[in-house]
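Presented below is the structure to which this report refers.
The values are calculated or read from the model by the stated rules, or taken from the named source; none is laboratory data. The structure presented is a predicted model; accordingly, all values stated were derived computationally and were not measured. Note: ideal-geometry Cβ built from the backbone for every residue, glycine included; neighbour counts use all protein chains shown.
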């Protein structure tokens, strides 16, 4: 098992993998004629944003801070959506956005004049509920019954509200182009009468175009057909796809506990603080050199985090030799969403963030200290 000569814990981004993803995404972008925008909610490590130049200047934001980050660190204006914008920071949203998407007709009424009067042009959009999502986990499904996300068709009259130039839907999560096709069919059935009255359609995120099994040819044809049919500009806003499988979280074993018939290896990371989707989704990550299915002659361990939360552990793995204190445990594909969701819960040491460059060297992008924890709590 390849090990890293680093102080644990640490997130490590692989530059070569990252650039490979960016090349693939740009190729899809050029062929399908849509703009693929980085969703900052999934990947916001701005010290790596120079790798996105020059093809990805725009991004999607969820509020004033993300919009500002995108503007400052990518150079372009953001496509900004929020479930509900707040009056006192809406001017900051406008300053850093080119598109603003509202989640309700009330929000549109409240803020549309500010959009029209802004110093630079703002294209106004509405998020609608497309009526279909393949996502089975309710926590990640914006199309569940009584969802607060997206205006339902029954709330729209036959006429598009004045000033609205685009429609936005988001229904996918690490999904395929065939899932998108089903979503488009449902969207067109509900909102097709409006598509001749808008300039653009944003098909949201969740398009996992950099997965090895993703059918990019099908996506390209799907978008080309949609653009030809409706004569609109199309945006996609993948997040995970940009950072898919580009890096790892490296931890050390700090104790091994034998109790109740279970052997637990305690690590110097926390699942709830540093890998929250493992508990929220939930899903079991891949551990380098280990198997999540039983191995003949393997050694079974439960991997536990080092916070006080009783449920700060995930799954069982089989290793080909016993684990001892000091062994390195490497969790694969731990950059997208993981790095933006981390916390300082329990005062657990936050993993550093490093870049593994194409020359085989490690560069420190960020080190975290006690002072960072203290400042967060003040």
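Filter segment 22-44 down to the residues that are in contact with a helix residue (DSSP H, G or I) (Cβ under 6 Å, 6 or more places away or on another chain) and within 26 Å of residue 363 (Cα to Cα), then identify the one that is surrounded by the fewest Cβ atoms within 10 Å (Cβ to Cβ).
The qualifying residue surrounded by the fewest Cβ atoms within 10 Å (Cβ to Cβ) is 44.
Any idea how many residues of segment 281-304 are touching a residue at least 12 places away in the same chain (Cβ under 8 Å), within 27 Å of the chain's Cα centre (by Cα) and assigned to a loop (DSSP other than H, G, I, E, B)?
Final tally of qualifying residues: 9.
Determine whether residue 177 is within 26 Å of the chain's Cα centre (by Cα) and at negative phi.
yes
Quick check on residue 216: is it touching a helix residue (DSSP H, G or I) at 6+ places or on another chain (Cβ under 6 Å) and surrounded by 20 or more Cβ atoms within 10 Å (Cβ to Cβ)?
no
Here are some conditions: (1) part of a loop (DSSP other than H, G, I, E, B); (2) over 17 Å from residue 307 (Cβ atoms). Residue 343 meets all but one. Which one does it not meet?
Against the list (1) part of a loop (DSSP other than H, G, I, E, B); (2) over 17 Å from residue 307 (Cβ atoms), residue 343 comes up short only on (2).
Do you know which of the residues in segment 98-131 that are farther than 22 Å from residue 153 by Cβ and assigned to a loop (DSSP other than H, G, I, E, B) is farthest from the chain's Cα centre (by Cα)?
Selected residue: 117.
Please specify each residue of segment 134-146 satisfying the condition of being out of contact with any helix residue (DSSP H, G or I) (no Cβ under 7 Å at 6 or more places or on another chain), farther than 19 Å from residue 194 by Cβ, in contact (Cβ under 8 Å) with a residue 12 or more places away in the chain and part of a loop (DSSP other than H, G, I, E, B).
Result: 135, 137, 141, 142.
If a residue must be under 21 Å from residue 235 (Cβ atoms) and touching a strand residue (DSSP E or B) at 6+ places or on another chain (Cβ under 9 Å), how many such residues does segment 105-115 contain?
4
Are any of the residues in segment 149-158 within 15 Å of residue 130 (Cβ to Cβ), in the same structural domain as residue 129 (by TED's automatic domain parsing), under 20 Å from the mean Cα position of the chain (by Cα) and crowded, with 20+ Cβ neighbours inside 10 Å?
Yes: one or more hits.
Within segment 228-245, is there a residue that is in a strand (DSSP E or B), under 27 Å from residue 288 (Cβ atoms) and touching a helix residue (DSSP H, G or I) at 6+ places or on another chain (Cβ under 7 Å)?
No - not one qualifying residue is present in segment 228-245.
Just to be sure before I move on: is residue 327 surrounded by 17 or more Cβ atoms within 10 Å (Cβ to Cβ), at pLDDT below 95 and farther than 30 Å from residue 46 by Cα in the structure I sent?
The answer is no for residue 327.
In the set 330, 314, 335, which member is in a strand (DSSP E or B), closer than 30 Å to residue 38 by Cα and touching a helix residue (DSSP H, G or I) at 6+ places or on another chain (Cβ under 6 Å)?
314
Assess whether residue 355 counts as being more than 19 Å from residue 280 (Cβ to Cβ) and either touching a helix residue (DSSP H, G or I) at 6+ places or on another chain (Cβ under 9 Å) or in a loop (DSSP other than H, G, I, E, B) (or both).
Taking the combined requirement at face value, the residue satisfies it.
Any chance segment 76-86 includes a residue that's farther than 17 Å from residue 163 by Cβ, under 17 Å from the mean Cα position of the chain (by Cα) and not in a loop (DSSP other than H, G, I, E, B)?
Yes: one or more hits.
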